[in-house]
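What follows is one structure encoded as structure tokens, with my remarks underneath.
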Amino acid sequence: MTREPAYGSVADVPKAFVSFLQGLFTSADAPKPRDIAEALVTLIETPAGRRPDRGVVCHPFGASDVNTAVKPIQDRLIDNTGMSSLNQLKV
């Protein structure tokens, strides 16, 4: 006996996610390992003081928006705890 029926439509979530990932990694614009290497080269070649706090490689799935929204909140937290020097990267 399985518990799956008791979960209703939520039981389909893992299968849907696996299906999504399979589609993503077999699509024409699937992420490639080289994308990460190229992003790292770009980061290394960016002059000190101009490097971003965070970066997103490949499909952002909203991560860029989240990073933009969270940055001022994180900056305030760092400032309010007396560690504002950490807000300015020196590399």
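The values are calculated or read from the model by the stated rules, or taken from the named source; none is laboratory data. Since this is a predicted model, take the numbers as computed values, not measurements. Virtual Cβ from ideal backbone geometry, glycine too; neighbours counted across all protein chains shown.
For the stretch 56-88, a tally of residues being assigned to a helix (DSSP H, G or I), modelled with pLDDT of 90 or more and among the aliphatic types (A, V, I, L, M) returns 7. Figure legend. Inter-residue proximity from the stretch 13-41: first residues among the small types (Gly, Ala, Ser), second residues assigned to a helix (DSSP H, G or I) and surrounded by 11 or more Cβ atoms within 10 Å (Cβ to Cβ), beta-carbon distance below 8 Å, spacing 6+ or different chains. Indicated pairs: 30/24.
In the stretch 56-67, is there at least one residue being farther than 22 Å from residue 24 by Cα and exposed (fewer than 12 other Cβ atoms within 10 Å of the Cβ)? No, the stretch 56-67 contains no residue that is farther than 22 Å from residue 24 by Cα and exposed (fewer than 12 other Cβ atoms within 10 Å of the Cβ).
Just one of the listed residues (53, 29) is farther than 30 Å from residue 75 by Cβ and either under 21 Å from the mean Cα position of the chain (by Cα) or not in a loop (DSSP other than H, G, I, E, B) (or both), and it is 29.
Could you tell me which residue of the stretch 5-51 is nearest to residue 86 (Cα to Cα), considering only residues that are touching a helix residue (DSSP H, G or I) at 6+ places or on another chain (Cβ under 8 Å) and surrounded by 11 or more Cβ atoms within 10 Å (Cβ to Cβ)? Before the answer, list the steps.
Within the stretch 5-51, the subset touching a helix residue (DSSP H, G or I) at 6+ places or on another chain (Cβ under 8 Å) is 5, 11, 30-31, 51.
Those still in the list that are surrounded by 11 or more Cβ atoms within 10 Å (Cβ to Cβ) too: 11, 30-31, 51.
Details: 11: 44, 30: 36, 31: 32, 51: 14 Å.
By that ranking, first place goes to 51.
Out of 80, 87, I need the residue that is touching an Asp or Glu at 6+ places or on another chain (Cβ under 8 Å) and either among the polar types (S, T, N, Q) or loosely packed, with under 10 Cβ neighbours inside 10 Å (or both). Which one? Break it down into steps so the answer makes sense when it comes.
Numbers: 80 fails: touching an Asp or Glu at 6+ places or on another chain (Cβ under 8 Å).
Just one listed residue meets the conditions, 87.
Okay, residues lined up against (1) part of a helix (DSSP H, G or I); (2) over 14 Å from residue 58 (Cβ atoms); (3) among the charged types (D, E, K, R):
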| residue | (1), (2), (3) |
| --- | --- |
| 5 | yes, yes, no |
| 14 | yes, yes, no |
| 24 | yes, no, no |
| 35 | yes, no, yes |
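Within the stretch 37-50, the set of residues being at pLDDT 90 or above and either outside any helix (DSSP H, G or I) or in contact with a Leu (Cβ under 6 Å, 6 or more places away or on another chain) (or both) comprises 46, 47.
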